[in-house]
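The block underneath contains the structure these notes are about, expressed in structure tokens.
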Amino acid sequence: MRKFGMKRAIVGAAIAALAMNASAAHAATATGTATAKILRQITLTNTSDLQYATIISGATASTVAVTTAGARTCGAGLTCTGTTTAANFNVAGTDGAVVLVGGDANVTLNGSLGGTMASTLTYSAANITLGATGGSFQVGGTLSVGANQTAGDYTGTFNVTANYQ
Amino acid sequence: MPRLFKGFGLFFALAFGGAALPVQAAGDLLVAPTRVVLDGSRGTEVVLNNIGAEPATYRISLEIKRMTAVGGLDEIAEENVSPAERTALDMIAFSPRRVTLPPNQPQVIRVGVRIPEGTPPGEYRAHMLFRAVPDAAAAVPSDSSKPAGGGVSIALTPIYGITIPVIVRVGDLGAEAVIGDAWVAETPDGPAFNFDLTRSGNRSVYGDIEVTRPGAPEPLLIARGIAVYPEVAARQVSLRVPPELAAKLKGPVHIRYSEDREIGGGTIDEADRVVK
């Protein structure tokens, strides 16, 4: 059976180390036993957003797709401008650790002048194995644009999680 | 006045000296440890750190996830949880549940467990979710090159977080795992090394996978932190690998599934397989 006993003081020391950016320890001349527990950690950082850029809708409904590599496919009847990007997330942790990643498959966007649009979301992987420098995953999607979609700024939020098993 | 500036100079040096990191979005986070196992009344602590460049408010919550046959974790809505999962949610206490942190400021989350009398032996599990609460003003489109006439601009804001399992073991539990077939397959995202893991007993198994070629000292593949949870008797493990490694993995290999290094790293199962 796994023991997970951790003394508060030890965790405190780990926090202190984190807070100080784990810089050079303040050396002190004293005898005694130093104990420190290095906790395994995971970090998640968002380095780019899923950008569909600017779209001018046409007379018929169509779609704009952004791959997990950030490449755009502009559907028939639409005019697409600007630079598209896929969302990118960096994950760092124990070398070799397998992290499950995922999130919402759909998101609804609301327009500033009324109207809604729907986007499906695609993830570059269901799990990633971290290397010495961590790992990353990307989120792309396909946006459904209605015929003569109301102009405006459309905003929406979607959930993404990195999960340890 | 010069004194004041001097003071400010020192302040800025202190405030930004340690923050020479690339600019990151608000909500970036660190969580440690990555797994919590509690076997009695004693609790533990989990550290959350804001590693972003801006202050952020984080919410901490518990959710139920169930493992799938292909090794994913499905989120289960609160109204659909089973009685045992409900018990898990009820027995795990934690605090605080919401915290605002300046950049590079860690916060301890205390995790306690209270096992009600008469709780049947077994493994109870919930997943602790750490997630930044989005700013109210976050959803402003960054694209200002919008054409004057009738354009549509889009701003999608991710709300992202980390989950770690919190496992409570009640009673004397045991489990075993057996490695099944292994094969390399193409997926839409590239080749993957796959194998089956079957589990028996009344708790989860957890550990590291090491794939070696007989006679070669260096392992071909190491994958740490592979679990089989009690709600599944078997799962597939699918690990994406670079194409050159996929080619190398084909043929005779030795697969070892060992317990976490923190608890000794004993072998759970090992097997010789010929990877197709």
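The values are calculated or read from the model by the stated rules, or taken from the named source; none is laboratory data. In this text the structure is predicted, and so the values were computed from the model without any measurement. We place every Cβ from the backbone using ideal geometry, glycine too, and count neighbours over all the protein chains shown.
Worth a mention:
Residues checked against (1) modelled with pLDDT of 95 or more; (2) more than 23 Å from residue B:69 (Cβ to Cβ); (3) within 18 Å of the chain's Cα centre (by Cα); (4) assigned by TED's automatic domain parsing to the domain that holds residue B:71:
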site	(1), (2), (3), (4)
B:200	yes, no, no, no
B:207	yes, no, yes, no
B:212	yes, yes, no, no
B:218	no, yes, no, no
B:229	yes, no, yes, no
B:232	yes, no, no, no
B:240	no, no, yes, no
B:269	yes, no, no, no
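- Residue match in segment B:51-61 (condition: modelled with pLDDT of 95 or more, under 20 Å from residue B:168 (Cβ atoms) and out of contact with any Lys or Arg (no Cβ under 8 Å at 6 or more places or on another chain)): no
- Only strands (runs of 3 or more DSSP E) whose full extent lies in segment A:118-165 are considered here, and the ones with at least 1 residues that are more than 7 Å from every other protein chain (Cβ to nearest Cβ) and surrounded by fewer than 20 Cβ atoms within 10 Å (Cβ to Cβ) are A:135-145.
- With a requirement of 1 or more residues that are within 23 Å of residue B:199 (Cβ to Cβ), the strands (runs of 3 or more DSSP E) lying completely within segment B:42-94 that satisfy it span B:56-67, B:73-76.
- Counted residues, segment B:251-273 - those being of a type in the set (A, V, I, L, M) and crowded, with 17+ Cβ neighbours inside 10 Å: 3
- Single residue of A:27, A:59, A:9 found to be in a loop (DSSP other than H, G, I, E, B), modelled with pLDDT under 85 and over 27 Å from residue B:53 (Cα atoms): A:27
- You will find that of A:73, A:84, A:45, the residue that is modelled with pLDDT of 90 or more, surrounded by fewer than 18 Cβ atoms within 10 Å (Cβ to Cβ), at negative phi and hydroxyl-bearing (Ser, Thr, Tyr) is A:73 and no other.
- In segment B:151-171, the residues that are over 30 Å from residue B:112 (Cα atoms) form Cβ pairs under 7 Å with partners that are among the hydroxyl-bearing types (Ser, Thr, Tyr) and not in a strand (DSSP E or B), at six or more places apart or across chains, as follows: B:152/A:57; B:154/A:52; B:155/B:142.
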